[in-house]
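These notes are about the structure you will find just below.
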Amino acid sequence: MAIPAGTLTQQLQWRYATKKFDAGKRIDPITWAALEGALMLAPSAFGLQPWKFLVITDPALKARLRPVSWNQAQIEDCSHLVVFLARKGLGLPEIERFVDRMAEVRGVPRESLEMYRGFMVSKLVEGPGAKRIDEWATRQVYIALGAFTTAAAMLGVDACPMEGLDPAQYDGILGLEGGPWRTICACPAGYRAPDDAYAGLPKVRFRAEELIEHR
């Protein structure tokens, strides 16, 4: 069921990169489940989902991450902190796993997916794309970040997409070193503090005619 066009615009105008969260407010379980669903349903090239999402609510762990996040208070004060990870060195095993899952979910013989499997292999494993596979995976993660922040806005949840962190330090604190995952970015989510001065600032965007061209 579609939402009114005006609602979309209204909520995207309402959202902003929240600088100060109300540390006493928490996202309720039903709303958070919907936001996790948005992460699960985010689009990715080939549908491969070369990502993982760490949801952090433990205050002690958030406190350890804050100093390696440019000491930004949002890390500790948010309700939920999502750390976005990309798969390192994605290759044939990950493609095979995805094809297995596709056959399972759609109830079709795996053999019927051989052409699609071959196409993915030719582009990501055997072709030039293999040399840039980690860069490719990183770009997919940002698609998921965009889907998450948009979904949060639609539900009236504040968020702050964040690259201001040390990925290597995150990997160490989160026990990712030596494994297949690496930190790309993070996104605190929760509810804005009443005195966040940034909440009422007008959005600064270039004019539509400078950004959008109709042909």
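The values are calculated or read from the model by the stated rules, or taken from the named source; none is laboratory data. Bear in mind the structure is a predicted one, so any value in this text is a computation, not a measurement. Heads up, the Cβs are rebuilt from the backbone with ideal geometry, glycines too, and the neighbour counts pull from every protein chain shown.
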Test: residue in the range 176-188 that is more than 21 Å from Ile30 (Cβ to Cβ), among the small types (Gly, Ala, Ser) and crowded, with 18+ Cβ neighbours inside 10 Å: yes
Any hit, the range 57-67, residues being in contact with a His (Cβ under 8 Å, 6 or more places away or on another chain) and either under 25 Å from Ile173 (Cα atoms) or not hydroxyl-bearing (Ser, Thr, Tyr) (or both): yes
Set Ser79, Ser112: member being of a type in the set (S, T, N, Q), under 20 Å from Gly190 (Cβ atoms), at pLDDT 95 or above and surrounded by 11 or more Cβ atoms within 10 Å (Cβ to Cβ): Ser79
Subset of the range 55-75 (residues that are in a helix (DSSP H, G or I) and either of a type outside the set (A, V, I, L, M, F, W, C) or free of Cβ contacts under 8 Å to residues at least 12 places away in the same chain (or both)): Pro59, Ala60, Lys62, Arg64, Arg66, Pro67, Gln74
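Residue by residue, here is whether (1) crowded, with 16+ Cβ neighbours inside 10 Å; (2) among the small types (Gly, Ala, Ser) holds:
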| site | (1), (2) |
| --- | --- |
| Pro4 | no, no |
| Gly37 | no, yes |
| Leu54 | yes, no |
| Ala60 | no, yes |
| Pro67 | no, no |
| Leu90 | yes, no |
| Glu104 | no, no |
In the range 189-204, the residues that are assigned to a loop (DSSP other than H, G, I, E, B), of a type outside the set (A, V, I, L, M) and either within 23 Å of the chain's Cα centre (by Cα) or crowded, with 18+ Cβ neighbours inside 10 Å (or both): Tyr191, Lys203
Number of positions in the range 76-116 that are within 22 Å of the chain's Cα centre (by Cα) and not in a helix (DSSP H, G or I): 14
Scan of the range 7-35 for residues that are surrounded by 12 or more Cβ atoms within 10 Å (Cβ to Cβ) and among the aliphatic types (A, V, I, L, M), ordered by number: Leu8, Leu12, Ala17, Ala23, Ile27, Ala34, Leu35
Qualifying residues in the range 1-54 (those that are among the aliphatic types (A, V, I, L, M) and assigned to a strand (DSSP E or B)) - the one farthest from Ala73 (Cα to Cα): Leu54
